[in-house]
1. Could you list all residues from the range 187-245 that are part of a strand (DSSP E or B) and of a type outside the set (Ser, Thr, Tyr)?
2. Please identify the pairs in which a residue from the range 213-229 that is farther than 14 Å from residue 122 by Cα has its Cβ atom under 6 Å from the Cβ atom of a residue that is aromatic (Phe, Trp, Tyr) and part of a helix (DSSP H, G or I), counting only partners at least 6 apart or on another chain.
3. Can you list the helices (runs of 4 or more DSSP H) lying wholly within the range 60-165 that have 1 or more residues being without any contact (Cβ under 8 Å) to a residue 24 or more places away in the chain and either touching a helix residue (DSSP H, G or I) at 6+ places or on another chain (Cβ under 7 Å) or on the phi < 0 side of the Ramachandran plot (or both)?
4. Which one of these does residue 88 not meet: (1) within 27 Å of residue 278 (Cα to Cα); (2) in contact with a strand residue (DSSP E or B) (Cβ under 9 Å, 6 or more places away or on another chain); (3) surrounded by fewer than 20 Cβ atoms within 10 Å (Cβ to Cβ)?
5. Go through the residues of the range 134-142 one by one and say whether even a single one is within 18 Å of residue 244 (Cβ to Cβ) and within 15 Å of the chain's Cα centre (by Cα).
6. Based on what the data block shows, is residue 168 assigned to a helix (DSSP H, G or I) and in contact with a helix residue (DSSP H, G or I) (Cβ under 6 Å, 6 or more places away or on another chain)?
7. Would a scan of the range 298-321 turn up a residue that is of a type outside the set (Lys, Arg), under 22 Å from residue 85 (Cβ atoms) and free of Cβ contacts under 8 Å to residues at least 60 places away in the same chain?
Amino acid sequence: MYRNVLCLALGLIIGIRLTDFFEYLQLTETYFGSTAITQLEDEATPQQPTEEELARWLYNETRVLCMVLTMPKNHQSRVKRVKATWGRRCNKLVFISSQEDSELGAIDVGVPEDRNNLYLKMRKALEYVYQNYVEDYDWFLKADDDTFVIMENLRFLLYPYDPEAALYFGHRFRTTYPQGYMSGGAGYVMSRDALRRLNLFAFNNSQFCPINNLSEDRQIGFCLQNVGVVAGDSRDEEGRERFLPMSLKFMLPKFPTTNWLIKLTFYEPANETGSTSGITFHYVKNHEFEMYEFLLYRLRVFGTPLSQRSLPPRLDPKQLQNQLYHWSHENSTNPNAWLN
């Protein structure tokens, strides 16, 4: 009798657990299915969505917080222009200043305006963003207030990579330490894990990340290298730079060979400078923000078909590990570079 009761009880338990299991499968299929298909179903055919639809989807899939270094005298000029143009395509936009302006989204990080204080100002910005937003966004972009960023192309670059990998991108410069660093003017973008490592392991260690008045980009690169963050290669398939540290007019039609840039850039420059998937342009004048906005987002050339690209595949953990290993062991390929 007891055996019959026991068998009945076991049968009921197994039946209930199987029901729960099938309900779980149903729920995961409904709510946690393929992100690409689920998100695009209402807007496009999943098999071949348009680039515009992919860009809209990427806005939520690859979330970028933008930090723009500025100063009070630029609040009514550059800051307003950034906010009205490329900045509105960030998932979150924060202006890093020495004077708060809630209407514009500028915060005071408590560092006096001085070129020698840019590194300290950037540290304070990264501390602020980490304390308030680290879990809300995937990638964290630093740009100057005279930089124009094509956010759609930035997300296209970042999509294959896990934001929990210790990684950052930009225009890579050569220097005295092996990995080099990313140009501050061209802007650089770091993963969530890179931001976390800076705040947990670098900023509280004077050997890994000393406080000084040296250049902001070089020092942040030094700190990142010391906590194991890898400098990624952001160039396109043809070896053309996507992050430009100079105005576009000085970068076309070929990479400049008569100024400071050729002596700093990490990779040997490609013959042609202008990447068709460019991301940033530096030294943008006030009136040029609206010009870039018009040329990039409103002007259409009759008879020229729009390109149709699909998203690059996401790297699996092993592929990502191999890629990070490769980048971390790269040597500069620019024979004209000198160490600074």
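The values are calculated or read from the model by the stated rules, or taken from the named source; none is laboratory data. A quick note: this is a predicted structure, and the numbers were derived from the prediction, not measured. Cβ: placed from backbone, ideal geometry, glycine included. Neighbour counts: every protein chain shown.
1. 189, 190, 230, 231, 243, 244
2. 227/201
3. Hits in the range 60-165: 80-84, 118-133.
4. (2)
5. Yes: one or more hits.
6. Considered against the rule, which asks whether it is assigned to a helix (DSSP H, G or I) and in contact with a helix residue (DSSP H, G or I) (Cβ under 6 Å, 6 or more places away or on another chain), residue 168 comes out as no.
7. There is at least one residue in the range 298-321 that is of a type outside the set (Lys, Arg), under 22 Å from residue 85 (Cβ atoms) and free of Cβ contacts under 8 Å to residues at least 60 places away in the same chain.
A quick yes/no check of all residues on (1) of a type in the set (Val, Ile, Thr); (2) crowded, with 22+ Cβ neighbours inside 10 Å; (3) touching a Leu at 6+ places or on another chain (Cβ under 9 Å):
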{"residue": "113", "(1), (2), (3)": "no, no, no"}
{"residue": "127", "(1), (2), (3)": "no, no, yes"}
{"residue": "130", "(1), (2), (3)": "no, no, yes"}
{"residue": "137", "(1), (2), (3)": "no, no, yes"}
{"residue": "159", "(1), (2), (3)": "no, no, yes"}
{"residue": "163", "(1), (2), (3)": "no, no, no"}
{"residue": "168", "(1), (2), (3)": "no, yes, yes"}
{"residue": "176", "(1), (2), (3)": "yes, no, yes"}
{"residue": "188", "(1), (2), (3)": "no, yes, yes"}
